[in-house]
1. Taking the Cα centre as origin and putting +1 on Lys and Arg beta-carbons and -1 on Asp and Glu beta-carbons, what dipole magnitude results for segment 105-214, to the nearest 20 debye?
2. Mind checking the dipole of the chain: about its Cα centre, +1 per Lys or Arg Cβ, -1 per Asp or Glu Cβ, Debye to the nearest 20?
3. Near LYS33, which lysines are there with a Cα under 23 Å away, not counting those fewer than 8 places off in the same chain?
4. Placing +1 at every Lys and Arg Cβ and -1 at every Asp and Glu Cβ, with all other atoms neutral, what dipole size does segment 9-48 have around its Cα centre, in debye to the nearest 20?
5. Within the chain, which complete DSSP H helices have Cα atoms spanning at least 30 Å along the helix axis and a mean Kyte-Doolittle hydropathy of -0.5 or higher?
6. To make sure I understand, if each residue's beta carbon is the centre and we count other beta carbons within 10 Å, what order do HIS67, HIS231 fall in, fewest to most?
7. Counting only residues 5 or more places away or on other chains, whose amide H sits under 5 Å from the amide H of ALA12 once H atoms are built in the peptide plane?
8. Positive end of the dipole of the chain, charges at C-beta (+1 Lys, Arg; -1 Asp, Glu), about the Cα centre: which of ALA241, LEU147, LEU48 has its Cα farthest in that direction?
Amino acid sequence: MPNEPAIRSNIAWSDAERIVVRGLDLPSEIIGKVNLGDMAYLEIFGRLPKPEESTVFNALAVTLVEHGLTPSAIATRMTYLGAPESMQAAVAAGLCGLGTVFAGSMEEAAKVLQEALAAAPAETDIDALAAAMVADYRARKRTIPGLGHNLHKQGDPRTPRLFEVARENGFCGRYVLLMQAIERQAGKVTGRRLPINATGAIAAVASEIGLPWIATRGLAVMARAIGLVAHILEESRSPMAKAIWYRSEAEATNHIEK
């Protein structure tokens with residue numbers, strides 16, 4: 001149509017002789033020279049990372065590759081049981097469970113941090129801002145994203161390491177400080193410990209490196225896909241999905257007269 005804008009993508013193109021990704025020749029400038037994490041950075045940001053950016057981005061990416069027999073891993077194994085010919089369907093089944101409870105909460109946490117600081121002058125009192133944010137969540141009776149963990153109740157062991165890597169590489173600024181202030185304020189007003197979990201830490205550090213909040217859940221998606229492939233491989237060698245199915249059915253229906 002003459003009045004519609006041209007369709008254009010600046011990510012990649014190819015012809016009979018070349019494949020170019022973000023301006024780099026794939027065979028000669030990327031393959032064998034760029035690792036997977038840096039390739040992800042190139043795709044998202046449109047350029048290869050500096051060494052410090054590479055260290056931080058890769059730290060974020062590897063954090064959520066694996067966390068054991070989580071609901072997403074179980075969903076992947078169960079789907080593989082039913083459709084062993086379709087690895088992609090099994091991986092997709094697991095990825096569909098990355099929402100506000102598991103892994104995907106980093107999106108909301110990043111959105112909250114980025115929007116709060118975008119509207120705040122540079123001289124804003126971070127503690128006062130955190131207090132106002134916590135009060136707002138409590139007034140609306142909503143859970144503060146990025147705080148608490150169903151297993152690591154005394155502190156997520158991934159969080160301090162992520163902040164340490166961020167600090168060592170020059171990415172410990174206002175987003176990290178605000179997330180830490182929210183943790184302190186939430187603990188103060190509730191009277192109980194609500195530690196920053198890995199998704200909260202990732203949200204803060206991802207914001208420091210300039211990742212838009214809308215893309216932060218993508219970190220979990222690409223990372224967990226790798227872990228789910230490993231679960232499928234293990235399932236193919238040492239199956240447990242059928243046992244989970246049979247035992248769940250037996251326990252759930254043992255009160256029903258046969």
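1. Details: 14 positive and 12 negative charges, 116 e Å.
Using only the charged Cβ atoms, the result is roughly 560 debye.
2. 820
3. LYS50
4. 120
5. Helices meeting the span and hydropathy rule in the chain are 213-237.
6. Neighbour counts put them in this order, fewest first: HIS67, HIS231.
7. ARG22
8. It is LEU147.
Each reported figure results from applying straightforward, stated rules to the coordinates on display, with no laboratory input. The shown structure was predicted, so the numbers you read here are calculated from the model rather than taken from an experiment. Here the Cβ is made from the backbone with ideal geometry for all residues, glycine too, and neighbour counts use every protein chain on show.
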